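Trainee: The structure under discussion is supplied below as structure tokens; questions concerning it will follow.
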Amino acid sequence: MPSSATPTPTSTLSPASDAPIGVFDSGVGGLTVLRALRERLPDESLLYLGDTARLPYGTKSPETVVRYAEQAARVLVRRGVKMLVIACNTASAVALEHLSAVFWPLPVIGVVEPGAEAACAASRSGEILVIATEGTVRGGAYERAIMARRADARVVQIACPLFVALAEEGWVRGPIAGAIAHRYLDGVLREHAAADCLVLGCTHFPVLRAAISEAVGPRFSLVDSAETTARVVAAQLAARGLLRKPPGKAAKTPGEPSGPHAGRCRFLATDAPARFARVGAVFMGEALAPELTAEAVELVDL
């Protein structure tokens, strides 16, 4: 744990099933996780915090990331969430253990472990590529998580920082995105011909899925940590009896199609709500983008 002080649990909550799920990230990338949660759990209310005043977390020291993550989490806990989802690979890698201790017994879910689990299941050869930010690659969290589950795995990590900028600008398709994907990946693919699984190890990267998939070709299974995290969240809520059931609506299996969303989605940002809404709409996807407007984003101070 990067923090030298022993955390003291501060949560004595016994959350109700109607409470929202709290989701936070350094900015808008975690909205891919929110979208996956929205699609899998349409009855759930979601409260999302983007720490846009202090992004990116990937360039910060582990101690700073832990401090920022705890401050963001506290805002959500004070608003009565029933679960914390760390929708940031960097914060998941260095702050998950700390937040789990500080906010116990509140369940805290990160994106690294679900992604590693899915990669181990998807790869036949055991040679797995992980594309991520420089901070996530440097920390080696995916490699450790994959190797803990599959000792025969061979993990190759590739830092792809320009993917973040492309996603933020909305340049997710076309020749520019394609050229950068090939630039990052072509050499690695030649050197690791047995690789058959690629982990999208940053929550920004799912919006570039088409360009990345074209660059790696059909032999690769692409693992989206947003989708796998949503499955874990659904399973954890079900196991704890915390799935929300709106009045007059029959209980259903998580992920089962259910028509319109019954849960409410709220957004918090620490800076520039209008830009958060504009850029975030790319990550929310066409169907859900209308929920995210500048007026819907509340400015908060951590």
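The values are calculated or read from the model by the stated rules, or taken from the named source; none is laboratory data. Here the structure is a predicted model, which means the values were calculated and not measured. FYI the Cβ positions are ideal-geometry reconstructions off the backbone, even for glycines, and counts take in every protein chain you see.
Trainee: Pairs please, first residue from region 40-58 and part of a loop (DSSP other than H, G, I, E, B) and at pLDDT 95 or above, second anywhere and among the hydroxyl-bearing types (S, T, Y) and crowded, with 24+ Cβ neighbours inside 10 Å, Cβ atoms under 6 Å, 6+ apart in sequence or on different chains.
Mentor: As it stands, the answer is D51/S26, since those pairs meet every condition given.
Trainee: Among residues belonging to region 156-183 that are of a type in the set (A, V, I, L, M) and within 21 Å of A272 (Cβ to Cβ), point out the one that is surrounded by the fewest Cβ atoms within 10 Å (Cβ to Cβ).
Mentor: Ranking the qualifying residues of region 156-183, first place goes to A165.
Trainee: For a quick check of your reading of the model, give me the residue pairs whose first member lies in region 112-140 and is over 20 Å from P62 (Cβ atoms), whose second is of a type in the set (F, W, Y), with beta-carbon atoms closer than 9 Å and at least 6 apart or on different chains.
Mentor: A119/Y142; I128/Y142; L129/F220; I131/F163; I131/Y184; I131/F205
Trainee: Those residues that are out of contact with any strand residue (DSSP E or B) (no Cβ under 6 Å at 6 or more places or on another chain) and of a type outside the set (D, E, K, R), I need them from region 127-148; list them, please.
Mentor: Hits for region 127-148 are A132, T133, G135, T136, G139, G140, A141, A145, M147, A148.
Trainee: Can I ask one more? Among the residues of region 1-39 satisfying the criterion of being among the hydroxyl-bearing types (S, T, Y) and at pLDDT 90 or above, which is surrounded by the fewest Cβ atoms within 10 Å (Cβ to Cβ)?
Mentor: Restricting to residues being among the hydroxyl-bearing types (S, T, Y) and at pLDDT 90 or above, the top hit is S26.
Trainee: Let me ask something additional. What residue, of A93, A122, A87, A72, is touching a Cys at 6+ places or on another chain (Cβ under 8 Å) and either within 19 Å of V28 (Cα to Cα) or surrounded by fewer than 20 Cβ atoms within 10 Å (Cβ to Cβ) (or both)?
Mentor: Result: A122 is the single residue among A93, A122, A87, A72 that is touching a Cys at 6+ places or on another chain (Cβ under 8 Å) and either within 19 Å of V28 (Cα to Cα) or surrounded by fewer than 20 Cβ atoms within 10 Å (Cβ to Cβ) (or both).
Trainee: For residues in region 279-294 being free of Cβ contacts under 8 Å to residues at least 60 places away in the same chain and in a helix (DSSP H, G or I), which is surrounded by the fewest Cβ atoms within 10 Å (Cβ to Cβ)?
Mentor: Among residues in region 279-294 that are free of Cβ contacts under 8 Å to residues at least 60 places away in the same chain and in a helix (DSSP H, G or I), the one surrounded by the fewest Cβ atoms within 10 Å (Cβ to Cβ) is P290.
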